[in-house]
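The values are calculated or read from the model by the stated rules, or taken from the named source; none is laboratory data. These numbers were taken from a predicted model, which means no experiment stands behind them. Every residue, glycine as well, gets a Cβ built from its backbone with ideal geometry; the counts of neighbours run over all protein chains shown.
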Amino acid sequence: MFVQIGQLLVDVVASFLVLLLLARFHVQWLRVPFRNPIGEFMVACTNWIVRPARKVIPPLAGLDLATLLAAFLLQAFALYLLGAIAGGGLGQELGRMIALLAVAAVFDLARYSLYILVFAVIVQAVLSWVNPYSPVQPLFDAMTQPFLRPIRRFVPLLGNVDLSPLVLLLLLQVALIALAHLRASAGGLFL
């Protein structure tokens with residue numbers, strides 16, 4: 001029982017922070033302004049780790065590598081803690097364990113990034129129906145437009161209904177399935 005409680009707490013706290021860090025990275029990468037309630041929340045929750053990291057890790061071509069590296073290290077540490085709490089799989093040699101944690105963390109960051117995009121597409125679609133003038137609508141529009149724009153070239157409006165978000169969600173689900181299989185096979189290489 002205590003093992004499950006410990007794993008739940010580590011998973012929830014780490015996933016929350018990693019998702020916020022990744023969302024912050026993607027918002028900066030897509031050049032979305034932070035002047036909205038969600039952007040301010042992301043900054044307030046992640047500044048304690050991003051500001052010190054930026055003093056050591058400079059940005060590269062407009063990418064906030066400090067935020068991305070913080071998300072990676074936090075996810076790898078969470079995976080280590082989850083394994084340590086479960087009491088299994090950590091008896092390997094140090095190099096193999098670090099490689100396994102790094103590969104798993106990279107796949108998890110990719111998976112979380114896809115989840116962020118899925119969330120943004122769903123929220124953007126719902127807000128466009130119920131409250132198109134919401135203060136967070138520009139945030140979700142800016143996050144989804146680079147991915148929806150190429151799909152809209154091939155999927156026309158049908159009776160003033162835009163089906164491109166559905167196509168994007170389908171493509172993202174396919175990518176999540178492929179990513180899960182790649183992670184499982186990559187993990188097997190290190191065992």
Where residues in the stretch 158-191 are among the aliphatic types (A, V, I, L, M) and part of a loop (DSSP other than H, G, I, E, B), which of them is surrounded by the fewest Cβ atoms within 10 Å (Cβ to Cβ)? 191
Flag for residue 21 being at pLDDT 95 or above and not small (Gly, Ala, Ser): yes
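Can we say residue 39 is more than 24 Å from residue 118 (Cβ to Cβ) and over 12 Å from the mean Cα position of the chain (by Cα)?
Numbers: more than 24 Å from residue 118 (Cβ to Cβ): no; over 12 Å from the mean Cα position of the chain (by Cα): yes.
So residue 39 does not fit the description; no.
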What are the residues in the stretch 21-73 that are in contact with a helix residue (DSSP H, G or I) (Cβ under 9 Å, 6 or more places away or on another chain), basic (Lys, Arg) and free of Cβ contacts under 8 Å to residues at least 60 places away in the same chain, if any? 24, 51, 54, 55
With respect to the numbered conditions (1) at pLDDT below 90; (2) within 16 Å of the chain's Cα centre (by Cα); (3) not basic (Lys, Arg), which one is the sole condition not fulfilled by residue 60? (2)
What tally of residues in the stretch 149-162 results from selecting those that are modelled with pLDDT of 90 or more and over 24 Å from residue 180 (Cβ atoms)? 5
Yes/no for residue 34 being in a helix (DSSP H, G or I), more than 14 Å from the chain's Cα centre (by Cα), aromatic (Phe, Trp, Tyr) and surrounded by fewer than 18 Cβ atoms within 10 Å (Cβ to Cβ): no
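Select from the stretch 15-24 the residues that are of a type outside the set (Gly, Ala, Ser) and more than 16 Å from residue 147 (Cβ to Cβ) and write down the one among them that is surrounded by the most Cβ atoms within 10 Å (Cβ to Cβ). Can you show your working first?
Our first condition is that a residue be of a type outside the set (Gly, Ala, Ser); within the stretch 15-24, this holds for 16-22, 24.
Retained after the next criterion (residues that are more than 16 Å from residue 147 (Cβ to Cβ)): 16-21, 24.
Values: 16: 11, 17: 19, 18: 21, 19: 18, 20: 21, 21: 29, 24: 23.
Residue satisfying both the conditions and the ranking: 21.
Of the residues 83, 87, 62, which single one is crowded, with 17+ Cβ neighbours inside 10 Å and not hydroxyl-bearing (Ser, Thr, Tyr)?
Selected residue: 83, the only one of 83, 87, 62 that is crowded, with 17+ Cβ neighbours inside 10 Å and not hydroxyl-bearing (Ser, Thr, Tyr).
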Considering only residues that are hydrophobic (A, V, I, L, M, F, W, C) and in contact with a helix residue (DSSP H, G or I) (Cβ under 7 Å, 6 or more places away or on another chain), look in the stretch 1-14 and name the one that is surrounded by the fewest Cβ atoms within 10 Å (Cβ to Cβ). 3
What do you reckon, is residue 50 of a type in the set (Val, Ile, Thr), farther than 24 Å from residue 142 by Cβ and crowded, with 16+ Cβ neighbours inside 10 Å? no
